[in-house]
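Written out below as structure tokens is the structure these notes cover.
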Ligand code: ATP
Ligand code: F6P
């Protein structure tokens, strides 16, 4: 089942690379210049409609693509200011449902001021170099949106997009409310779950009294109804704005699993060579034969699609899996250019400067005639987009490719990304959750070589992180403007 035409064109197929003939060294490639990009994404929606969820997903996606993105959450600013007031003046503010009632003039004024202050912080941050600032507030009236629009009209070169999450599906709303109550929303940490639920539902009904869904024809907006059941897009122009809209309309929250596995051990792995298009070793074949039982035990009767690269070792690894398979050229391993087919020792000898440069800054280093990790992230963007649209997927991939995809799901920084441990003969099961991603790893008892090269001691070490569960939507302490 190999597509010989595609695999044959791959450099270094089963043969060592010719001696180095390219002059110069592999280059450190600078981050693209996004300094002209200034976008404000202002969220719109009632409480428990997934505004924070969408804000954070968008932030993670755009940061993965190297835009400078920050979420300005008005609820966090409110709590920070209330804590400071309590410490300084000993005054404890009441943030139960009454505070969110529009018939409470003082509270309404105070909430409007908080939203304005948060917007000012966002604008300031964009002026200091940020690209996309997300205003995570309800912005649920025409009047509030008009104020945001008027404020931004005073700034040059800032694009404003409203993103409304509209939801009238009782089951989704109930699930979201339960999540708030059970996951210890900071507003409810001193209440019992029953009290918290009652108060939160009252808060929602206070907002419902004045809520106006977005229809203003002159505004740029994306309105997502019931998690993508219906999407309205109005006046969205420009590359980054369209990309943001396209990403958001592809998201879903149905439960699913994403499995990652590297191909079984290859002949090149055994020889310590990188790249190429070799076949599996005999232990790699054992892994390919053992994989279907592990996957079917895990997924049961649920549908699953298997994605492989166009390289023989991933296609061979997938061959016994009883599921629909798709091959993606974008999933091919990082192209090592002139180093393809060499061992790390050979590279160090033939290209000592390149070798040192790569160790110095592995994410940015581009092999001569090949790719950097940054290049791989760019080519994997359509894969991420499709992964967001799909349900259960198993990707049989390669070390560098899976590192990039893994870093997206766990929101890991670029410095850590090229050192993430993705061992051979191990299945990584990810379960995306509302506020993070759960992970389980299954290692099959079939020996394989270790292809992980740790970061040299002299270089800055990657940060350590646990691999079972990561929560990335954490409450930060905010420094208010005044
Ligand atoms: P609040 O205004 O109280 O902060 P919120 O609108 O920010 O509420 P979230 O905290 O983001 O609400 O709610 C998280 C829940 O929303 C998660 O359970 C997530 O699955 C769900 N969710 C994600 N996207 C959507 C969507 N488009 N519509 C409705 N719910 C969604
Ligand atoms: O060694 C296996 C492999 O998939 C190579 O083909 C590839 O060049 C390498 O891993 C990527 O890992 P690193 O970026 O750590 O060299």
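The values are calculated or read from the model by the stated rules, or taken from the named source; none is laboratory data. Note that the coordinates shown come from a computational prediction; the quantities given were computed from them, not determined experimentally. When we count neighbours, we look across all protein chains shown, and the Cβ atoms used for this are built from the backbone with ideal geometry, even at glycine.
Hey, any hits in the stretch 360-374 for a residue that's away from ligand 2 (no atom under 13 Å from the Cβ) and under 23 Å from residue 315 (Cβ atoms)? Reasoning before the result, please.
Keep residues of the stretch 360-374 that are away from ligand 2 (no atom under 13 Å from the Cβ), which gives 360, 368-369.
When the remaining residues are screened for being under 23 Å from residue 315 (Cβ atoms), the result is none.
Looking through the stretch 360-374, none of the residues is away from ligand 2 (no atom under 13 Å from the Cβ) and under 23 Å from residue 315 (Cβ atoms).
Filter the stretch 145-163 down to residues that are in contact with a helix residue (DSSP H, G or I) (Cβ under 7 Å, 6 or more places away or on another chain) and part of a helix (DSSP H, G or I) and give me whichever is nearest to ligand 2 (Cβ to nearest atom). Even if it seems obvious, please write down each step before you answer.
Looking only at the stretch 145-163, we keep the residues that are in contact with a helix residue (DSSP H, G or I) (Cβ under 7 Å, 6 or more places away or on another chain), and these are 148, 151, 155, 158-163.
Right, trim to part of a helix (DSSP H, G or I) and you get 148, 151.
On the way: 148: 44, 151: 46 Å.
So the residue we want is 148.
Somewhere in the stretch 136-146, is a residue away from ligand 1 (no atom under 12 Å from the Cβ), farther than 29 Å from residue 192 by Cβ and surrounded by 17 or more Cβ atoms within 10 Å (Cβ to Cβ)? Explain how you work it out, then say what you get.
First, the residues of the stretch 136-146 that are away from ligand 1 (no atom under 12 Å from the Cβ): 141-146.
Pick out the ones that are also farther than 29 Å from residue 192 by Cβ and you get 141-146.
This time we only want the ones that are surrounded by 17 or more Cβ atoms within 10 Å (Cβ to Cβ), so: 144-145.
Scanning the stretch 136-146 turns up at least one residue that is away from ligand 1 (no atom under 12 Å from the Cβ), farther than 29 Å from residue 192 by Cβ and surrounded by 17 or more Cβ atoms within 10 Å (Cβ to Cβ).
Suppose we keep only residues that are under 35 Å from the mean Cα position of the chain (by Cα) and in a loop (DSSP other than H, G, I, E, B) within the stretch 88-100. Which one would you say is farthest from residue 35 (Cα to Cα)?
By that ranking, first place goes to 96.
Against the condition more than 16 Å from ligand 2 (Cβ to nearest atom) and closer than 18 Å to residue 52 by Cα, how does residue 219 come out, does it pass?
On the way: more than 16 Å from ligand 2 (Cβ to nearest atom): yes; closer than 18 Å to residue 52 by Cα: no.
It is false that residue 219 is more than 16 Å from ligand 2 (Cβ to nearest atom) and closer than 18 Å to residue 52 by Cα.
Is there a residue being within 13 Å of residue 46 (Cβ to Cβ) and exposed (fewer than 13 other Cβ atoms within 10 Å of the Cβ) anywhere in the stretch 228-236?
Residues of the stretch 228-236 within 13 Å of residue 46 (Cβ to Cβ): none.
Scanning the stretch 228-236, I find no residue that is within 13 Å of residue 46 (Cβ to Cβ) and exposed (fewer than 13 other Cβ atoms within 10 Å of the Cβ), so the answer is no.
Take the residues in the stretch 34-84 that are touching a strand residue (DSSP E or B) at 6+ places or on another chain (Cβ under 7 Å) and surrounded by fewer than 19 Cβ atoms within 10 Å (Cβ to Cβ), then tell me which one is farthest from residue 433 (Cα to Cα).
Per the stated criteria, the residue is 70.
Out of the residues in the stretch 405-436 that are in contact with a strand residue (DSSP E or B) (Cβ under 9 Å, 6 or more places away or on another chain) and at pLDDT below 95, state the one that is farthest from residue 282 (Cα to Cα).
Checking each candidate, the answer is 435.
Are there any helices (runs of 4 or more DSSP H) wholly within the stretch 164-273 with 2 or more residues that are within 16 Å of ligand 1 (Cβ to nearest atom) and under 20 Å from the mean Cα position of the chain (by Cα), and if so which? Please lay out each step first, then the result.
Values: elements: 170-182, 193-208, 239-250, 267-271.
Where helices (runs of 4 or more DSSP H) fall fully within the stretch 164-273 and carry at least 2 residues being within 16 Å of ligand 1 (Cβ to nearest atom) and under 20 Å from the mean Cα position of the chain (by Cα), they are 239-250.
Quick test for you: out of 106, 124, pick the one residue that is loosely packed, with under 13 Cβ neighbours inside 10 Å, in contact (Cβ under 8 Å) with a residue 24 or more places away in the chain and part of a helix (DSSP H, G or I). Steps first, please.
Numbers: 106 fails: in contact (Cβ under 8 Å) with a residue 24 or more places away in the chain.
Within the list 106, 124, the selection yields 124.
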